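Read through the structure below, which is laid out as structure tokens, and then see the notes.
The values are calculated or read from the model by the stated rules, or taken from the named source; none is laboratory data. The structure displayed is predicted, hence computed values, not measured ones. Positions of Cβ are backbone-derived with ideal geometry, glycine not excepted, and every protein chain shown enters the neighbour counts.
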């Protein structure tokens with residue numbers, strides 16, 4: 001039960017983070033309603049749950065070598081992949097993707113920090 005509540009909370013936080021990104025980051029466009037935003041957040045949560053640990057495991061030597069900066073690139077890749085799977089959200093490569101990744105990374109960091117307590 002704890003896992004399910006954590007997953008639901010992660011999806012809600014992803015949806016709020018995506019909404020914040022849509023409102024604040026220039027060149028990010030969204031065409032859809034709240035249901036599509038939740039679906040996008042769910043896709044992002046599933047990618048974070050399934051793909052992110054595998055990428056971190058495979059790339060762990062490079063993560064250590066770059067002092068953890070490669071995790072930012074992994075987060076950007078997962079966010080970009082989510083936008084490719086759900087076409088209602090468009091985050092172009094470059095600065096919009098960097099700012100969006102930074103916002104989502106901060107939200108996920110705070111969630112994980114609070115979840116441990």
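Any residue at all in the stretch 88-107 that's in contact with a strand residue (DSSP E or B) (Cβ under 8 Å, 6 or more places away or on another chain), in a helix (DSSP H, G or I) and in contact (Cβ under 8 Å) with a residue 40 or more places away in the chain? Among the residues of the stretch 88-107, not one is in contact with a strand residue (DSSP E or B) (Cβ under 8 Å, 6 or more places away or on another chain), in a helix (DSSP H, G or I) and in contact (Cβ under 8 Å) with a residue 40 or more places away in the chain, which makes the answer no.
Out of contact with any strand residue (DSSP E or B) (no Cβ under 7 Å at 6 or more places or on another chain), farther than 16 Å from residue 93 by Cα, assigned to a loop (DSSP other than H, G, I, E, B) and at pLDDT below 90: does that describe residue 68? So residue 68 fails the test. If you go through the stretch 1-35 and keep only what is loosely packed, with under 11 Cβ neighbours inside 10 Å and farther than 13 Å from residue 91 by Cα, you end up with 1, 2, 3, 4, 5, 33, 34, 35.
Screening the stretch 45-70 for residues that are crowded, with 16+ Cβ neighbours inside 10 Å and more than 12 Å from the chain's Cα centre (by Cα) and picking the one that is nearest to residue 104 (Cα to Cα) gives 70.
Based on this model, can you work out whether residue 74 counts as under 20 Å from residue 97 (Cα atoms), touching a strand residue (DSSP E or B) at 6+ places or on another chain (Cβ under 6 Å) and at pLDDT 90 or above? Spell out how you get there, then give the answer.
On the way: under 20 Å from residue 97 (Cα atoms): yes; touching a strand residue (DSSP E or B) at 6+ places or on another chain (Cβ under 6 Å): no; at pLDDT 90 or above: yes.
Answer is no for this residue.
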